[in-house]
1. Would you check which residues across segment 264-286 are among the β-branched types (V, I, T) and free of Cβ contacts under 8 Å to residues at least 12 places away in the same chain and list them?
2. Can you find, within segment 497-529, the residue that is modelled with the lowest pLDDT among those that are surrounded by 20 or more Cβ atoms within 10 Å (Cβ to Cβ) and part of a loop (DSSP other than H, G, I, E, B)?
3. Criterion first (outside the structural domain of E487 (by TED's automatic domain parsing) and either at pLDDT below 90 or on the phi > 0 side of the Ramachandran plot (or both)) does K227 satisfy it?
4. Return only the number of the condition from (1) touching a residue at least 40 places away in the same chain (Cβ under 8 Å); (2) part of a strand (DSSP E or B) that R43 does not satisfy.
5. All but one of (1) at pLDDT 90 or above; (2) assigned to a strand (DSSP E or B) hold for W540; which doesn't?
6. In segment 374-397, how many residues are without any contact (Cβ under 8 Å) to a residue 40 or more places away in the chain and either over 30 Å from the mean Cα position of the chain (by Cα) or farther than 13 Å from I447 by Cβ (or both)?
7. Name the residue that is surrounded by the fewest Cβ atoms within 10 Å (Cβ to Cβ), counting only residues in segment 96-112 that are in contact with a strand residue (DSSP E or B) (Cβ under 7 Å, 6 or more places away or on another chain) and at pLDDT below 90.
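The values are calculated or read from the model by the stated rules, or taken from the named source; none is laboratory data. Since the model is a prediction, treat every value here as computed from it, not as a measurement. Here the Cβ is made from the backbone with ideal geometry for all residues, glycine too, and neighbour counts use every protein chain on show.
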Amino acid sequence: MLEELEVRNLGPIRSAVLTPGKGMTAITGETGAGKSMLLSAIRLISGATANVGRVAAGADSAWAQGIFDVDESGKAAGLALDAGVLDSDSSETDSDPDETGRLELFLSRTVPASGRSRAVLCGHSVPRNVLGNVASELVTIHGQADQLRLASPARQREFLDMAADDKAEREVYRVAWENLQAMDERLHNLTNQEASARQRADYLRESIEQINKVDPKTGEDEELKDKRSRVENAAEIAQGVGSALSALDASQVDSDSDAQSASDAINHAIQALRTIHVGGVFSEAADRLESLNADLSDIVFSLSNEMDTDEDAEGLDAINSRIHELDELTRRWGPALEDVISWRDKAAFEVEDLDASPEKVEEIKAQRKQAFDDALKAAQVLSKKRKVAATGLANTVTKELSALAMAGAGLEIRVVQRKSSPKDKPASKNDEADAASSTWPLDVNGIDDIEFLFTPFPGSPKLPMGKSASGGELSRLMLALELSVAEKRTFESNDMTFIFDEVDAGVGGKAAVELGKRLAKLSQTSQVIVVTHLAQVASWADSQFVVSKGSAENASSKAPIETRVNEVTGDARIHEIARMLSGSESATSLSHAQELLDSSKL
């Protein structure tokens, strides 16, 4: 949502701030007052080509900035994050994004009187196309001077998918498509090997043979290094263990020894404490000594086993040789021995593909055909849902157009499944798998060609959108389209601001009232800004700004005329509506204006 638009030195506007609120905002004013400059400012921060001729006379540069409140998980915030202007952990916001899920994006543009313009996103200079990509997720301008948003087949498909609510079907197709792409790449690699591929296969076979010759086991190198350490320190180990056992239990070292063991001494202490028939500290001490004696017995047992171990010093060379072999493997395919084993297992599968035996090629072709069939089936399910949605959307839009003073106008949405061409058909059954690779009715978006055809008046041929209507008609068509999918949006989840210019061209009377009502209806789920000269449209707005001409302060008669932008509320708004109705502010026109404002409620 656009929170604030600030403009400096753009055309006749020296300084202006527009703060459209949530809902519908009307921008009004006399013809030639400069309303178009506000749209020019929005186009600038949307990445449009800069026109130095728009810089105010005598100014060094023109500047425009838009502040947008957006969902931190939305596309616009994601694009800003990808551009490196937002911290992935925290962002500059008026509130904690972890609590509200919202943040502010600052889009600005400076156009010098001479030289190149500068695009800035959240305080960081960025390429103009980056600013445009972010703005495309935030602002949509429907006007004669703007390229129609739904003129491209890609945009039409996206719009239809939103109306169809086919996210689940598109996800199923995406998975099937990616699997098909992977099988195509694998088949291509199999059937189009070059010398480098053969060299790769030879390298893999030699490597696998070398690893298999050593036959490593997971963790074997660590076990061997531990064993080597024991052999190298066998004398020291024997001396230390013997001394420890002599102190703890001499009978373990010398069977003829009659020296009391540490365990016997502790048992004697325990028995002495048990003869004390007073509980408390004596009983607790005896319990602790019993626990200590159990641990001591385990230690004596473990050390006795170490005395029995006969480390083979003569085998040290064999151990070192084996460790050297394993180290060579980890040096080349490591870093760990388990990595070497994993690499060998994967290499074995790669060799199978690189060998490209006829049997292997046929196997992959069969898998590729199955992947194609799965993708085709998923595409057809998606296509069916699109067709149902296309009929419903076209009917709804046609009804809306009738209420927008375009009776007889209509929209047709064609969803046509692509067919393979005759030249793609296999010459024989043996060629079916090869033909499948060249038969491409599918693409990343499915199997459909989608086209929006507009009929602006009865008897007119059905023509592609953008080639069949005036600016005002196109704006009303876009309004009808946006209204038709409005129920699928909620204001909290939709960051788009819709700006309508010339939407009221050629409209008056009851049709103007209906136009204003429908703009207000759209503003329940999206922010709407409309530039209008009709009071019947402006009266439906939640807020209204007037663009007017006025001499600069302390100006001489030769000073340039400046454009001012002011919000009108209360009596000031009634006077502006009255001016729009009759060009005067008589008691009758003021009464009519008040009546119009009172009746313009959803």
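1. Selection gives T275, I276, V278, V281.
2. Ranking the qualifying residues of segment 497-529, first place goes to E502.
3. yes
4. Against the list (1) touching a residue at least 40 places away in the same chain (Cβ under 8 Å); (2) part of a strand (DSSP E or B), R43 comes up short only on (2).
5. Result: W540 passes all but (2).
6. 3
7. G101
Condition check ((1) among the β-branched types (V, I, T); (2) within 30 Å of E350 (Cβ to Cβ); (3) out of contact with any His (no Cβ under 9 Å at 6 or more places or on another chain)) across all residues:
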position	(1), (2), (3)
G219	no, yes, yes
V231	yes, no, yes
Q239	no, no, yes
L245	no, no, yes
L248	no, no, yes
D254	no, no, yes
